[in-house]
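Engineer: Following this message is one structure expressed as structure tokens.
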């Protein structure tokens, strides 16, 4: 299987990143497009605005957030197909902007992609 990595967009770009895909709905604060070195910005795989606001990066809501986000992903197979096509070509790095490295949508998305 293709290597799938999760990384904060604010971390330095690496030659080892492969395809760099931003999976947030909003553009990362303070990040210039040239510095992001994106291959793709896939807003359609990000959590809905309602879910994002409800979660608010509250670790106590993490388990429920994962369930709700996975349900949203089940309904976004077209957008996921674009991501899977990239994965078929080699390494993909999922980029996110949240401060919390353990509780964010990219972590859930990566697990979802590995399982399906």
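Engineer: From 29, 20, 84, 70, grab the single residue that is part of a strand (DSSP E or B) and touching a residue at least 24 places away in the same chain (Cβ under 8 Å). Please lay out each step first, then the result.
Structural biologist: Numbers: 29 fails: part of a strand (DSSP E or B); 84 fails: part of a strand (DSSP E or B); 70 fails: part of a strand (DSSP E or B).
Result of the check over 29, 20, 84, 70: 20.
Engineer: Right, next: Out of curiosity, is residue 86 surrounded by 13 or more Cβ atoms within 10 Å (Cβ to Cβ), under 16 Å from residue 21 (Cβ atoms) and touching a helix residue (DSSP H, G or I) at 6+ places or on another chain (Cβ under 7 Å)? Break it down into steps so the answer makes sense when it comes.
Structural biologist: Values: surrounded by 13 or more Cβ atoms within 10 Å (Cβ to Cβ): yes; under 16 Å from residue 21 (Cβ atoms): yes; touching a helix residue (DSSP H, G or I) at 6+ places or on another chain (Cβ under 7 Å): no.
No, not satisfied.
Engineer: Could you tell me whether segment 37-45 includes any residue that is in a helix (DSSP H, G or I), without any contact (Cβ under 8 Å) to a residue 40 or more places away in the chain and over 14 Å from the mean Cα position of the chain (by Cα)? Walk me through it before giving the result.
Structural biologist: Here is the first cut: in segment 37-45, the residues in a helix (DSSP H, G or I) are 43-45.
If we keep only those that are without any contact (Cβ under 8 Å) to a residue 40 or more places away in the chain as well, we get 43-44.
Pick out the ones that are also over 14 Å from the mean Cα position of the chain (by Cα) and you get none.
No, that holds for no residue.
Engineer: Which numbered condition trips up residue 21, out of (1) touching a strand residue (DSSP E or B) at 6+ places or on another chain (Cβ under 7 Å); (2) more than 17 Å from residue 84 (Cβ to Cβ)?
Structural biologist: (2)
Engineer: In addition: In segment 39-51, what count of residues is obtained for those that are within 14 Å of residue 92 (Cβ to Cβ) and either touching a helix residue (DSSP H, G or I) at 6+ places or on another chain (Cβ under 9 Å) or surrounded by fewer than 17 Cβ atoms within 10 Å (Cβ to Cβ) (or both)? Show your work before the answer.
Structural biologist: Of segment 39-51, the ones within 14 Å of residue 92 (Cβ to Cβ) are 39-42, 45.
Then drop every residue that is not either touching a helix residue (DSSP H, G or I) at 6+ places or on another chain (Cβ under 9 Å) or surrounded by fewer than 17 Cβ atoms within 10 Å (Cβ to Cβ) (or both), which leaves 39-40, 42, 45.
So the answer is 4.
Engineer: Among the listed residues 65, 55, identify the single one that is touching a helix residue (DSSP H, G or I) at 6+ places or on another chain (Cβ under 7 Å) and in contact (Cβ under 8 Å) with a residue 40 or more places away in the chain.
Structural biologist: Working: 55 fails: in contact (Cβ under 8 Å) with a residue 40 or more places away in the chain.
Exactly one of 65, 55 is touching a helix residue (DSSP H, G or I) at 6+ places or on another chain (Cβ under 7 Å) and in contact (Cβ under 8 Å) with a residue 40 or more places away in the chain, namely 65.
Engineer: Counting just the residues of segment 14-29 that are over 13 Å from residue 96 (Cα atoms) and out of contact with any helix residue (DSSP H, G or I) (no Cβ under 6 Å at 6 or more places or on another chain), which one comes out surrounded by the fewest Cβ atoms within 10 Å (Cβ to Cβ)? Working first, answer last.
Structural biologist: To start, the set of residues in segment 14-29 that are over 13 Å from residue 96 (Cα atoms) comprises 14-19.
Next, from what is left, pick out any that are out of contact with any helix residue (DSSP H, G or I) (no Cβ under 6 Å at 6 or more places or on another chain): 14-18.
Values: 14: 12, 15: 5, 16: 9, 17: 18, 18: 19.
Taking the candidates together, the pick is 15.
None of the figures in this text is laboratory data; all of them are computed from the coordinates on show. Computed from a prediction, not measured in an experiment: that's the story for all the values here. Neighbour counts are summed over all protein chains in view; Cβ atoms, including those assigned to glycine, are modelled from backbone coordinates with ideal geometry.
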